[in-house]
Amino acid sequence: MNMIGLVFLLLLFMAFLLIAVLIGVYVYRDAKNRGMNAPLWALIALLAPSLVGFIIYLLVRGSHAKLLCPACSAKVTETYTVCPNCGAKLKPNCPNCKSAVDPGWKVCPYCAQTLPESQEDCLQPVQPQDRVLGKILVAVILIPVLLVLGSATAVIGLRARLTSSTTSYTTLSVGDYLSEMEDPQVQQWFEQSGKELNTAYVLRYAEPGNPHRRTCYVVYLPAVGEDYLSAGAGVSNGLFGSALEIHFDAGNEAGNLLFCAEVSSDKELGLKVYLNGKKVPVEITDVSFCPFPEGVDSSIR
């Protein structure tokens with residue numbers, strides 16, 4: 001794996017680590033406010049894979065309400081009848097035995113006393129809105145997305161700056177090419193090519209030596225004939241590497257055109273061939289000699 005890939009993986013790891021820390025801190029504080037086992041739930045949220053622990057906590061915490069006194073905003077629980085901070089009455093009680101009763105009960109279950117329909121001096125505990133959870137969920141979604149987009153942009157820009165290359169090309173008819181090339185390996189390659197109309201058959205020679213080594217390509221695309229509208233080649237830089245791209249805009253005549261391209265680059269390049277804007281399969285045959293006829297490599301434009 002190259003240095004760019006390692007940097008990307010490191011940034012991705014740091015992003016997920018940041019998300020895990022945010023979730024752990026949130027779960028710890030929220031569980032503590034609800035009277036739950038905060039350290040245990042924080043560990044479950046952190047260690048369970050794929051946010052499973054966090055999802056389980058969000059489901060379980062519903063039975064542990066986070067309540068505040070409506071008079072002084074002190075923390076209270078569902079079992080409190082009065083606020084321990086200000087003494088505000090939070091639950092109705094039986095006027096006879098003073099036991100806490102639930103709103104809506106008509107008879108006290110402890111002493112059988114008939115209960116009044118309402119006790120206006122009771123203040124219902126309030127549950128504050130959880131604004132932090134929404135921010136956590138937004139961070140869980142946005143941080144990886146922004147990281148991937150930012151890293152992709154940075155990597156593409158970095159490759160564009162680091163990859164130095166020059167490209168030149170020309171076209172030849174099949175007849176002219178074969179009449180000048182007497183090598184049996186070239187003849188055999190051409191005879192075996194052309195079985196698939198929209199497949200690019202390529203002879204490739206990579207000159208040994210670095211940096212800025214020279215690579216020569218002879219491309220035969222059976223769907224392209226001498227009535228082609230245009231052809232061009234150039235090096236593209238992408239997230240997953242650099243490649244020599246060859247584009248053909250072709251007419252209806254097929255089978256009698258070869259494309260010769262030469263590229264010098266300080267990076268190893270892939271090869272992509274396009275016909276009328278659509279990428280086509282490529283079959284590459286590597287040879288140990290430059291497959292250009294004599295004089296073509298000097299006149300290549």
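The values are calculated or read from the model by the stated rules, or taken from the named source; none is laboratory data. A quick note: this is a predicted structure, and the numbers were derived from the prediction, not measured. Here the Cβ positions follow ideal geometry from the backbone for every residue, glycine too, while neighbour counts run over all protein chains shown.
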Lone qualifier among G277, G241, G251, G255 - being closer than 14 Å to V219 by Cα and either outside the structural domain of G194 (by TED's automatic domain parsing) or surrounded by fewer than 19 Cβ atoms within 10 Å (Cβ to Cβ) (or both): G255
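Does E253 satisfy the criteria of being over 18 Å from Y177 (Cβ atoms), free of Cβ contacts under 8 Å to residues at least 40 places away in the same chain and not β-branched (V, I, T)?
In short, no.
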Counted residues, the range 87-103 - those being of a type in the set (K, R), in contact with a strand residue (DSSP E or B) (Cβ under 9 Å, 6 or more places away or on another chain) and assigned to a loop (DSSP other than H, G, I, E, B): 1
Selection count, the range 27-42, where residues are surrounded by fewer than 20 Cβ atoms within 10 Å (Cβ to Cβ) and within 27 Å of the chain's Cα centre (by Cα): 0
Condition met for S151 (exposed (fewer than 14 other Cβ atoms within 10 Å of the Cβ), polar (S, T, N, Q) and modelled with pLDDT under 85): no
Every pair of residues 6+ apart whose Cβ atoms lie under 6 Å, when the first sits in the range 26-55 and is under 20 Å from K135 (Cα atoms) and not assigned by TED's automatic domain parsing to the domain that holds T79 while the second is of a type in the set (A, V, I, L, M, F, W, C) and not in a helix (DSSP H, G or I): none
Check on P70, without any contact (Cβ under 8 Å) to a residue 60 or more places away in the chain and more than 35 Å from the chain's Cα centre (by Cα): yes
